[in-house]
Every structure is written in structure tokens, then in C-alpha cells.
1. Quick check for me: using +1 on Lys/Arg Cβ and -1 on Asp/Glu Cβ, what's the dipole size of the chain about its Cα centre, in debye to the nearest 20?
2. Which lysines, if any, have their Cα less than 19 Å from the Cα of K314, not counting same-chain residues under 8 positions apart?
3. Starting at the first residue of the stretch 189-195, write each ³J(HN,Hα) from the Karplus equation 6.51 cos²θ - 1.76 cosθ + 1.60 with θ = phi - 60°, in whole Hz, x for Gly and Pro.
4. Net charge within 12 Å of A297 by Cβ-Cβ distance, Lys/Arg positive one each and Asp/Glu negative one each, not counting A297 itself?
5. Against the globular-protein guess of 2.2 N^0.38 Å, express the Cα radius of gyration of the chain as a ratio, rounded to two decimals.
6. Go through A244, Q124, F306 and say which Cα lies farthest out towards the positive end of the charge dipole of the chain; charges sit on Cβ, +1 for Lys and Arg, -1 for Asp and Glu.
7. When the chain is modelled as a GNM with alpha-carbon springs shorter than 10 Å, which of S248, S133, S193 fluctuates the most?
8. Hey, can you grab everything whose amide H is under 5 Å from the amide H of Y164? Only 5+ residues off in sequence or another chain; H modelled, so Pro and N-termini drop out.
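The values are calculated or read from the model by the stated rules, or taken from the named source; none is laboratory data. As the structure is a computational prediction, the values presented were derived from the model and not from experiment. Don't worry about glycine lacking a Cβ; one is built from the backbone with ideal geometry, like all the others, and counts go over all protein chains shown. These area figures cover heavy atoms from the full protein model, side chains too; ligands, DNA and RNA do not enter into them. Shrake-Rupley method; radii C 1.70, N 1.55, O 1.52, S 1.80 Å.
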Amino acid sequence: MSGDDDSSGWQLTESDPGVFTELLKTLGVPLVVDDLYSLDSASLAELQPLHALIFLFKWVAGQSSEPSSGGQYDPEFPGFFAHQVVNNACATLAVMNSIANIPGLQMGAQLSELFSFTQGMDPQTCGMALTSSDWLREAHNALSPPSAISLDGLDLPRTSEDAYHFVVYIPYAGSVYELDGLKEAPVRHGEYSEGGEGWVAKAREVIEARIATYPPGALEFSLLAVHDDPIPRLQEQLSQLQAAGHQSEASELVVRLATENSKRERWAFENSLRRHNYLGFIHALLLGMAKAGTLDAVKDGAKKAFQERIEKRKKGEAMDED
């Protein structure tokens, strides 16, 4: 969940797989995050080994504190669980609650020391320890747009924006758990079978039950998968196939590798856009328009359009997101 009242220096980040993957890379964790558009067996099989599912949904104030989808609170959960104690840290907290419960996971020295420091802490204190970490906050904020322009003091009309929240589904000690930083404790959704699809079959059942509580056609949620980086495995398989002279199968892997590498390049480009400060560009653009004599007309048009939006708001009509 995000908001303006208690950010404690944590800036808002996007729910984007490229953002999550870059954060994991910064933390020294060799995992990637991908959008998940379907919970069918084939889609999930492509992402194995799958370590966690991050569910993003529209948060509504006053929601019941009872566990969702028939689960039960497990106050004796022996793994890692941190409460969300400040706004805007929700995305990174979801990542922490995910990766801290993956046995034997490789991670950077700072992150390893932080998790060691929080051992034995209650969820509230654990959440405070995470959000008080300067280096973790800096890693989080590095993927947020720079706040170069402040609109404070301009008496602009206040708008109520929807808030979204992240929860995590993980396998732990033979059961599927839901880790929600706004809940009092982890929610245990029952044991899963080691055969077949393993824990993801149980997780699918729980998540689909939760999605079913939304109106048909609702688009107020999304799902992200935390899984092993497939590139090292694909590269190894490609070398083996080429050495064995299986060129047809090798060609298929070349295409898959190219797709993965193209995706990483796109993520890197998009993250560079997120980090970029556009103030200089905006200043140069306005200066050029002023010299060309077109600034006043554009300014008047913008004022008119903005006033129309305010009138629509007063009448209760939906405002365009432009």
C-alpha cells in the first residue's frame, strides 16, 4: 500500500517486473521477476523452479482483518515475516518476505547481515529494522522517478487515488503461506503435495478463490512470479546441444535466449527512463516554445483543459488520465 502520510523517505515504485528484477540484482540475489498472466499449468511450468508469487490488489480501507480464502493465522510461523510499518515500502517488503524464506538463496553481504540481524525479532520490530536500513531504502528509491518538481502550495484540487497493496504466497515447511505485511501474522493455507505441480497447485487454488471475490472482468489485481534466472540454464543447455550436434533443438534455445536477452535490454532501458530527471528537457522545451511564440497559446489551452477537468470533477464525472 502506498500513500503520502507516512513514507519516511521511501518513494513510490511501480509494480513492474523490470523494477523488481533490478532490485533483486542490486541486493545480490540471482532471481528474476516476471508478469504472470495465467495460472494454468503450462504457464507455471515455464517458470520453474518458482519460489514465490506476489499478488497486487486494490486496497480498501476498513477491510476485514480475518485471513483471506479460508486460511488460518499461524502466529508460530518459524520463517521470516515483517510488518509494513511505513507507506511506499510495500513492494520492497514483499520482496523481502519472499526471498528471506528461500533456503540456501545466494544474496549480497549487506542483505545477509540484515536478515541475520532480524533473527528472533517480532514482525513489527522486523519491519522497523528493514525500513530503517538506509542502504535498502536507497536501493528502493533508485528505481523511483526523481522528485524534481513540487506542486505544494499551488492549491491544486486534491484527488483521492486508489491504493494498491502487495501480498506474497510462498511454500514453507510443506504448506502454502500468505505473507501480508498488514496482517497480524502469516496465513497458513494448508499442506501441499510434493508430487505433480507441487506447491503451485495449492497456491493456484488459493489465489483463484481470492480473484473470484472481485466482480467479473475486474482488472484491480495483477500477479508476479519470482523464479530462477533462466539464462544460465539455457546457455548450458545450448552448449550441450551444440556439442552433441543437435542443431534443430539448439536453434530453438537460441530463439528463447534472444527473447530473454531482449527482455532484459527493454527492462534496462525502461529503468533508465524511470531514473532520468526530465527537468532540463522540460526547461529547454518551454524555452524553445517561448522563442517560437507558441508558448502562450499552449499555456492557455492547458489552462482551459485543466479547468474543464476540475468542472468534471465537481459534477462527479470521471477525469481523463492524460
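1. Values: 25 positive and 46 negative charges, 175 e Å.
My answer is approximately 840 debye.
2. Of all the lysines, those that pass the test against K314 - Cα under 19 Å, at least 8 places apart if same chain - are K303, K304.
3. My calculation for the stretch 189-195 gives 9, x, 6, 10, 7, 6, x Hz in order.
4. Values: positive: K299, K303, K304; negative: D296, D300.
Around A297, the surrounding residues sum to +1.
5. Details: Rg = 22.9 Å, N = 322, 2.2 N^0.38 = 19.7 Å.
Taking the Cα Rg and dividing by 2.2 N^0.38 Å, one obtains 1.16.
6. So the residue we want is F306.
7. Residue with maximal mean-square fluctuation among S248, S133, S193: S248.
8. Those qualifying (amide H under 5 Å, at least 5 residues apart or on another chain) are S2, W59.
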